[in-house]
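Heads up, the thing below is written out as structure tokens.
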Amino acid sequence: VRPGQFQVDQAVFEIRSIYKGLYFKHEAHVKRITDQGTATTPWPREAEMWGGLVQLGYFPHNAWDAIPSELEVAGRMAFVDPNINIAGNDQYEYTGILNWFANGHSNKISFEVTHHVLQNPAGGYASEQRYRSQWEFSF
């Protein structure tokens, strides 16, 4: 890979909304990648991909005072088609999320459980569970 070998053209559409502890987030992406290298390659020299996600979250303290206001519960569904010219290679993600905010939104601990589904162009699916924890802080 050489600097400047790949030309990337992309567009993103994003929308977010918050109302009384409930939030909605949506993203859509489209990307075209062109290999401008001079060597011949066995793979396509141009690929177009697209994907997106929808996420809903809620701070349950808004409904029940006994729940700490720092807790957020969310769910996300995402997909990507890594090359729209190849049928049956889509990837899907279904995620449950717990976030704990400290010091406003400058300090967050997250725990996620994700079910990934990978479609095989030859037929069938592969899937797996992933678990992730993360501490995110800003200063």
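Brief remarks follow.
- Taking first residues from the stretch 108-135 that are over 16 Å from Y92 (Cα atoms) and partners that are exposed (fewer than 13 other Cβ atoms within 10 Å of the Cβ) and charged (D, E, K, R), the Cβ contacts under 6 Å between residues at least 6 apart in sequence or on separate chains come to K108/E136.
- Looking only at the stretch 110-124, and only at residues there that are in contact with a Phe, Trp or Tyr (Cβ under 9 Å, 6 or more places away or on another chain) and farther than 18 Å from G75 by Cβ, the one that is surrounded by the most Cβ atoms within 10 Å (Cβ to Cβ): Q119
- Members of the stretch 1-39 found to be open to solvent by 60 Å² or more (accessible area, probe 1.4 Å), assigned to a loop (DSSP other than H, G, I, E, B) and within 30 Å of T95 (Cα to Cα), listed by number: K20
- Tally, over the stretch 68-80, of residues that are open to solvent by 40 Å² or more (accessible area, probe 1.4 Å) and under 19 Å from G96 (Cβ atoms): 7
- Tally, over the stretch 92-103, of residues that are out of contact with any Asp or Glu (no Cβ under 9 Å at 6 or more places or on another chain), open to solvent by 50 Å² or more (accessible area, probe 1.4 Å) and either assigned to a strand (DSSP E or B) or not polar (S, T, N, Q) (or both): 2
- In the stretch 66-97, of all residues being under 14 Å from the mean Cα position of the chain (by Cα) and of a type in the set (A, V, I, L, M), the one that is farthest from Y125 (Cα to Cα) corresponds to A74.
The values are calculated or read from the model by the stated rules, or taken from the named source; none is laboratory data. If you're wondering where the values come from, they're calculated on a predicted model, not measured in any experiment. So basically every Cβ, Gly included, is an ideal-geometry build from the backbone, and we count neighbours across all protein chains shown. The protein model used for the area step is the full one, side chains on, heavy atoms only, and it has no ligands, DNA or RNA in it. Shrake-Rupley method; radii C 1.70, N 1.55, O 1.52, S 1.80 Å.
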